[in-house]
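Chemist: I have a structure here, written as structure tokens, and I will follow up with some questions on it.
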Amino acid sequence: MSAKFPFTEKKDTRSGFGAGLLELGKKNPNVVALCADLTGSLKMDAFEKEFPDRFFQIGIAEANMMGIAAGLTIGGKIPFTGTFANFSTGRVYDQIRQSIAYSGKNVKICASHAGITLGEDGATHQILEDIGLMKMLPGMVVINPCDYNQTKAATLAIADYVGPVYLRFGRPSVPIFTPADQKFEIGKAIVMNEGKDVSIFATGHLVWKALMAVEELEAMGINAEVINIHTIKPLDNAAVLKSAMKTKCIVTAEEHQMNGGLGDSIAQLLSREYPTPIEMVAVKDSFGESGTPDQLMVKYGLDTSDIIKAVQKVIKRKMV
């Protein structure tokens, strides 16, 4: 529990997706769901029970699922596909590129168990390249929410957006610290904590880690600004530049490879518009391994202490 950033409950973000999907089913008869034999893991079982005629169990045939989803859009349906992030992207990249992205199909690719917090299932399932893969596809929106409430809100919001979306969420229970009644705006960053000495741009599970770093940094006399980048593409360029111009140094934090992730996008923007010292908290060109989520976050340098070290390093660079 945090004194400055309190929370009352922990819950997995995949359950936020399941709750949002069920609510969408009640609101919009065009919403349909497809799953690749992981209905319980994706928390799609409530939708399946309530709307059996609008739920399609495709089985372990993810490429086929993407093709079917693309076809359903032609009839005006809004398909939400569901499987693990590894199988939602790496296994079916050709189908997504050719059948969905190339023609701008209105498919919502919803991916659970992303990153290393998948834990004990190991490196073959812990995809750390998915954000890079998906953000490189022209026209693809990429969203990585931070907690249960934000994942539910994002699920609701993407149904109203016309075009392909990649929605990424996770397996472990994490603190719920954003409002239940929030309005999710695609491409609009959220300032979680105002600061003047350093800007921390975080996404997904790392947003909470960044907020935990704020308290320890304050004890060191460092006033950190934390911004939740839930939408990696389109990036909120204005918010990034505004904060960078204020603090003059940046830290990015994400549960993804350093190459191709959020830090990569922000560095590109800053290099073009406002060159600024930057440090990146991310996985450094490595596959994962089996272990508990907490163990892996520590081993791969994605913990609160790693954010603090990055802040200390980048502030020294600012002073040079």
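Just so it is clear, none of the values below were taken in a lab; they were calculated from the coordinates. Quick caveat: nothing in here was measured; it's all calculated off a predicted structure. Counting neighbours? That spans all protein chains shown, and the Cβs are built from the backbone with ideal geometry, glycine included.
Chemist: Would you mind checking which residues have amide H under 5 Å from residue 279's amide H? H placed 1.01 Å from N; only 5 or more apart, or other chain.
Modeler: Under 5 Å from the amide H of residue 279 lie the amide H atoms of 250, 251, 252, each far enough along the sequence or on another chain.
Chemist: Related question: Between the alpha-carbon centers of segment 122-191 and segment 39-106, tell me the distance in whole angstrom.
Modeler: Between the Cα centre of segment 122-191 and that of segment 39-106, the gap is 16 Å.
Chemist: Next up: Which trypsin sites (Lys or Arg not before Pro) does segment 1-38 hold that lie in a coil by DSSP with at most 14 other beta carbons within 10 Å?
Modeler: 4
Chemist: Right, something else. By counting other Cβ atoms within 10 Å of each Cβ, how are 298, 198 ranked from fewest to most?
Modeler: Placing the least packed residue first, the sequence is 298, 198.
Chemist: Sort 134, 245 so the one with the fewest other Cβ atoms within 10 Å of its own Cβ comes first.
Modeler: 245, 134
Chemist: Name the residue farthest towards the positive end of the dipole of segment 190-319 from the options 271, 315, 220, assuming +1 on Cβ of Lys and Arg, -1 on Cβ of Asp and Glu, about the Cα centre.
Modeler: Ranked along the dipole, the leading option is 271.
Chemist: What does the charge dipole of the chain about its Cα centre add up to, to the nearest 20 debye, if the Cβ of each Lys and Arg holds +1 and the Cβ of each Asp and Glu holds -1?
Modeler: Charge dipole of the chain: 740 debye, to the nearest 20.
Chemist: Considering amide H positions built from the backbone, and no H for Pro or chain starts, which residues 5 or more places from residue 259, or on another chain, come under 5 Å of its amide H?
Modeler: Close amide H contacts, sequence-distant or interchain: 285.
Chemist: In degrees from 0 to 90, rounded to the nearest 10, what is the angle of the helix 13-27 Cα long axis to the longest principal axis of the chain?
Modeler: Orientation of helix 13-27: about 50 degrees from the principal axis.
Chemist: Moving on. So for the chain, averaging the separation of alpha carbon pairs under 8 Å that are six or more residues apart and normalising by length, what relative contact order in percent results?
Modeler: 18
Chemist: Per residue of segment 234-243, what does 6.51 cos²θ - 1.76 cosθ + 1.60 with θ = phi - 60° give for ³J(HN,Hα)? Whole Hz please, x for Gly and Pro, Karplus curve as stated.
Modeler: Here the 3J(HN,Hα) series is x, 6, 7, 4, 4, 5, 5, 5, 4, 5 Hz.
Chemist: Kindly provide the GluC sites (Glu not before Pro) of segment 39-99 that DSSP labels as loop, not H, G, I, E or B, and whose Cβ sees at most 13 other Cβ atoms within 10 Å.
Modeler: Sites meeting the loop and neighbour criteria: none at all.
Chemist: Per DSSP H run of at least 4 residues, take -39500 (n - 2.57); add these up for the chain, divide by its residues and hand me the 222 nm value, nearest 500 deg cm²/dmol.
Modeler: That comes out to -11000 deg cm²/dmol.
Chemist: Report, in debye and to the nearest 20, how large the dipole of segment 10-175 comes out about its Cα centre when Lys and Arg carry +1 and Asp and Glu carry -1 on their Cβ.
Modeler: Charge dipole of segment 10-175: 380 debye, to the nearest 20.
Chemist: Tell me, 300, 274, 93 in order of fewest to most beta-carbon neighbours within 10 Å?
Modeler: Fewest to most other Cβ atoms nearby, the residues stand as 274, 93, 300.
Chemist: As a quick test, which of the pairs 188/248; 10/309; 77/188; 27/299; 10/196 have an alpha carbon distance above 32 angstrom in this structure?
Modeler: Exceeds cut-off: 27/299.
Chemist: Relative to the longest principal Cα axis of the chain, at what angle does helix 148-160 sit, 0 to 90 degrees, rounded to 10?
Modeler: Approximately 50 degrees, to the nearest 10.
Chemist: Moving to a separate point now. Angle check, please: helix 304-319 long axis (alpha carbons) against the longest principal axis of the chain (alpha carbons), in degrees 0 to 90, nearest 10.
Modeler: Roughly 50 degrees between the two axes.
Chemist: Grab the Cα-Cα distance for residue 64 and residue 120, subtract it from 0.36 nm times how many residues apart they are, and report the gain in nm with one decimal.
Modeler: Residue separation times 0.36 nm, minus the Cα-Cα distance, leaves 17.4 nm.
Chemist: Report the antiparallel proportion of the DSSP beta bridges in the chain as a percent, rounded to a multiple of 5.
Modeler: Restricted to the chain, the bridges split so that about 20 percent are antiparallel.
Chemist: Test of the criteria: in segment 220-316, which trypsin sites (Lys or Arg not before Pro) are in a DSSP loop and have at most 12 other Cβ atoms within 10 angstrom of their Cβ?
Modeler: 284
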